[in-house]
Amino acid sequence: GHNSEEIEVLIHAVKTGEFDVVFPSYNIEFQDAGQPGGLFDVAKEYETGVMVKKALIRQGFPRAPGMPRKPPGSLIPQYGVPALLKFVLKDPRIATVVVGMKRISEVEEDVPYGYLPSISSQKGVQW
């Protein structure tokens, strides 16, 4: 697999045919990887898996090219965990979402969402 914050680097990696999976940042406020003709489409064309990171953004965005210039902060208070996961999981080009947790409180907050019958059936924000 290949992990990078730069979408063009990941696109190049996919096109080499040497990687089975790429690991981009993708969430409700940073959607570059999902743009038409972008990383997700190239990965699908090359039959390369996509594992998304930073779907919840607890600590703010890194300062890589193309990333929004937003102050550090979590998306959770604004949108809620179910809506953030629903947004990412609705894209069939995404194979899985990796939710990072650094604190025990984050584990306790996030783990119960793995036991919901289906995140797509949750009421709330419509995408």
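Within segment 38-55, the presence of at least one residue that is over 13 Å from the mean Cα position of the chain (by Cα), under 23 Å from Lys86 (Cα atoms), in a loop (DSSP other than H, G, I, E, B) and of a type outside the set (Val, Ile, Thr) is confirmed. (1) open to solvent by less than 50 Å² (accessible area, probe 1.4 Å); (2) modelled with pLDDT of 85 or more; (3) not polar (S, T, N, Q): which one isn't true of Ile76, the others all being true? Going through the list (1) open to solvent by less than 50 Å² (accessible area, probe 1.4 Å); (2) modelled with pLDDT of 85 or more; (3) not polar (S, T, N, Q), Ile76 breaks only (2). Out of Pro117, Pro82, one residue alone is in a helix (DSSP H, G or I), out of contact with any His (no Cβ under 9 Å at 6 or more places or on another chain) and either surrounded by fewer than 16 Cβ atoms within 10 Å (Cβ to Cβ) or at pLDDT 80 or above (or both). It is Pro82. Somewhere in segment 17-31, is a residue open to solvent by 10 Å² or more (accessible area, probe 1.4 Å), among the polar types (S, T, N, Q) and at pLDDT 95 or above? Taking every residue of segment 17-31 in turn, none turns out to be open to solvent by 10 Å² or more (accessible area, probe 1.4 Å), among the polar types (S, T, N, Q) and at pLDDT 95 or above. Could you please let me know if Glu106 is charged (D, E, K, R), open to solvent by less than 30 Å² (accessible area, probe 1.4 Å) and either in contact with a helix residue (DSSP H, G or I) (Cβ under 8 Å, 6 or more places away or on another chain) or modelled with pLDDT under 90 (or both)? Criteria met by Glu106. Whenever a residue of segment 25-38 is of a type in the set (Asp, Glu), its partners that are at pLDDT below 95 and surrounded by fewer than 18 Cβ atoms within 10 Å (Cβ to Cβ), lying with C-beta atoms within less than 6 angstrom and at least six residues away or across chains, give the pairs Asp32/Gly66. Filtering segment 5-37 to residues that are among the charged types (D, E, K, R) and in a helix (DSSP H, G or I) leaves Glu8, Lys15, Asp32.
The values are calculated or read from the model by the stated rules, or taken from the named source; none is laboratory data. Keep in mind that what you see is a predicted model, and the values were worked out from it rather than measured. For neighbour counting, all protein chains shown are included, and Cβ atoms are generated from backbone atoms with ideal geometry for every residue, glycine included. These accessible areas exclude ligands, DNA and RNA; they are computed on the full protein's heavy atoms, side chains included. Shrake-Rupley method; radii C 1.70, N 1.55, O 1.52, S 1.80 Å.
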